[in-house]
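The values are calculated or read from the model by the stated rules, or taken from the named source; none is laboratory data. All values reported here derive from a predicted model rather than from experimental measurement. A quick note on method: Cβ atoms are made from the backbone with ideal geometry, for glycine too, and the neighbour counts reach across all protein chains shown.
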Ligand code: CA
């Protein structure tokens, strides 16, 4: 059972979401505005397992809610509900810190599956980190330390929080250090492949990781682009 927050102002959609998620055994709180969502997250903090967040809301919109949560250091997974056919919404959603998205109108069964995928990835992400028998779930390279448990990367004195998907993508690249990783395999393994996902969304995540990791993001030395294929992570580049 997970503790979920649904942010949706259209009553029939909100009640459908509540009904279906509760039927799966989850604890569901519904709010109608972004402002109320921010209050709930402030009050409940890490007891929330995931948020289903509509983009179009009265008052502040879903993008602003996601961006504000990330700014405030809340890294609960967010599934964003976007308008169908608006690639711009998807990119803006990822930019704001969403972990996944689903275009409206959606099939409730698919929504439930997506929420479960987010919850599984969160568990997987935390599992390796918290088992007593394993060393701290950190990776250090070239003066940078990624802490997967705390979902952050430290570079010198600066600490950048990571969203779940940023952390998962970085882990995926690090585990394949020195190897070329295709966009297709990232879509399949990190994003759970969907045909409607714009591959530019991956590029956007890579750009964010570079901003955290690279001295000069436009001239990356660790997260390299392999033209027309994908990416390659290099821990200690040779000069
Ligand atoms: Ca709405």
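Residue by residue, here is whether (1) within 13 Å of the ligand (Cβ to nearest atom); (2) modelled with pLDDT under 95 holds:
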{"site": "31", "(1), (2)": "yes, no"}
{"site": "51", "(1), (2)": "no, no"}
{"site": "59", "(1), (2)": "yes, no"}
{"site": "76", "(1), (2)": "no, yes"}
{"site": "85", "(1), (2)": "no, yes"}
{"site": "94", "(1), (2)": "no, yes"}
{"site": "105", "(1), (2)": "yes, yes"}
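Filtering 83, 66, 43, 37 for residues that are surrounded by 19 or more Cβ atoms within 10 Å (Cβ to Cβ) and over 21 Å from residue 206 (Cβ atoms) leaves a single hit, 37. Of all residues in the stretch 9-29, those that are in a strand (DSSP E or B) and either within 12 Å of the ligand (Cβ to nearest atom) or surrounded by 18 or more Cβ atoms within 10 Å (Cβ to Cβ) (or both) total 1. For the stretch 212-233, the condition holds for no residue, the condition being that it is within 15 Å of the chain's Cα centre (by Cα) and either surrounded by 20 or more Cβ atoms within 10 Å (Cβ to Cβ) or farther than 30 Å from residue 103 by Cβ (or both). For residue 101, the conditions (1) within 15 Å of the ligand (Cβ to nearest atom); (2) modelled with pLDDT under 95; (3) in contact with a helix residue (DSSP H, G or I) (Cβ under 8 Å, 6 or more places away or on another chain); (4) part of a helix (DSSP H, G or I) all hold with the exception of (4). Within the set 109, 66, the sole residue that is over 18 Å from residue 208 (Cβ atoms) and either at pLDDT 90 or above or not assigned by TED's automatic domain parsing to the domain that holds residue 166 (or both) turns out to be 109. Of all residues in the stretch 72-98, those satisfying the criterion of being assigned to a helix (DSSP H, G or I) and more than 14 Å from the chain's Cα centre (by Cα) are 87, 88, 89.
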